[in-house]
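The values are calculated or read from the model by the stated rules, or taken from the named source; none is laboratory data. Computed from a predicted structure; not experimentally measured. Counting neighbours? That spans all protein chains shown, and the Cβs are built from the backbone with ideal geometry, glycine included.
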C-alpha cells in the first residue's frame, strides 16, 4: 500500500475536498483572501541523500512546504519547524539552512519544537496568504487548457543518480514562490508542484479535475542526458510547477515556462497516443 492508497482509507473521515490538495485553506478578511497552510515530514534515511549537509537538510525541509504554498499562488508568511534530533549539535546548521530558505521566499521561521529522536526527523508547517480570485488548486483544469511546466523535471533525480552538474538541484530545491504568484495572477486554472514526479502529478491533477492530458513529445524540455524522457516523467525531488491555463490567457505570462500539451476530456495521461504509466515517488507500507 502506498500513501495515496492509504489516504483513501481516511477520506470519509476528513472530507474529499480537504484531502485533494497539498494545502488546507481558510477564508479571511470576509472571504476576500485565503489563508493556506501545509505540513511536511522528512526523515534522514528516506529523504536526505548521503552527502547532504545539515544546512542543506534545513533548506530542503523548509523548501518542501514553501513549494506547496507556491502551488496555490500564495505568498508564504511563516514557517514552524519541529526537529527530532539524534544529535543536539546538528540543530544550529539545520536551522541556519531553514532560515536561509525562508528569507529567500520573503517568509520567516516563527517557532516550532525540539525533541530527542532515534532518527533525524524534520517537520515543517508553512502558512501563506493569497487573494481569493488568484487562489489555485489541482481541481480547476478544463478541456482545451494548455498544460505547462516550469523548469526541467528530472534534474533532482539525475543528481541523485550521480549525473554531474545536478547535485544542487537535489539538495537545494528552489521553491517557485514568486513564479507561482505570477502564474496565478495570469489566470491559471489549476496548479501543483511536481515533487513526486511529473507523471504522477498529472494523474493527481487529472483525478482532481476529472480530465486527462495529452503531451507533445517535441515540446518536452528534456535534460541532455541518457534516458531523458524517463527522468522527465518519473524523476522526483524537483519543485517546478505544473499548471493549466486557458489558451487566451497564456499570452499574459511573463515567466519562462514550457507548454507541453493540452487538457482533454478522456481520463489518463498520454504522449501523443501512447499511455504514460502512473508512477512516481510514494511512501510504501508492506
Exactly one condition in (1) touching a residue at least 60 places away in the same chain (Cβ under 8 Å); (2) more than 23 Å from residue 72 (Cβ to Cβ); (3) not assigned by TED's automatic domain parsing to the domain that holds residue 240 is false for residue 128; which is it? (2)
Run residue 144 past the list (1) in contact with a strand residue (DSSP E or B) (Cβ under 7 Å, 6 or more places away or on another chain); (2) at pLDDT below 95 and report the number of the one that doesn't hold. (2)
Of the residues 252, 229, 278, only one is in contact with a helix residue (DSSP H, G or I) (Cβ under 9 Å, 6 or more places away or on another chain), farther than 30 Å from residue 5 by Cβ and surrounded by fewer than 17 Cβ atoms within 10 Å (Cβ to Cβ); which? 252
Go through the stretch 222-254 and count every residue that is part of a loop (DSSP other than H, G, I, E, B) and within 18 Å of the chain's Cα centre (by Cα). 6
From the list 240, 206, pick out the single residue that is surrounded by 13 or more Cβ atoms within 10 Å (Cβ to Cβ) and farther than 30 Å from residue 56 by Cα. 206
Residue identified as assigned by TED's automatic domain parsing to the domain that holds residue 269 and more than 16 Å from the chain's Cα centre (by Cα) among 156, 104, 141: 141
What pairs can you find where one residue is in the stretch 204-224 and under 10 Å from residue 264 (Cα atoms), the other is in a helix (DSSP H, G or I), and their Cβ atoms are less than 7 Å apart, with a gap of 6+ or different chains? 212/206; 213/202; 213/206
Just give me the residues in the stretch 155-165 being touching a residue at least 12 places away in the same chain (Cβ under 8 Å) and within 13 Å of residue 223 (Cα to Cα), in sequence order. 155, 156, 157, 158, 159, 163
Looking at 91, 7, can you tell me which residue is free of Cβ contacts under 8 Å to residues at least 24 places away in the same chain and surrounded by 14 or more Cβ atoms within 10 Å (Cβ to Cβ)? 91
Selection from the stretch 47-67 of residues more than 14 Å from residue 102 (Cβ to Cβ), in contact (Cβ under 8 Å) with a residue 40 or more places away in the chain and either surrounded by 18 or more Cβ atoms within 10 Å (Cβ to Cβ) or touching a strand residue (DSSP E or B) at 6+ places or on another chain (Cβ under 8 Å) (or both) yields 48, 52, 54, 56, 57
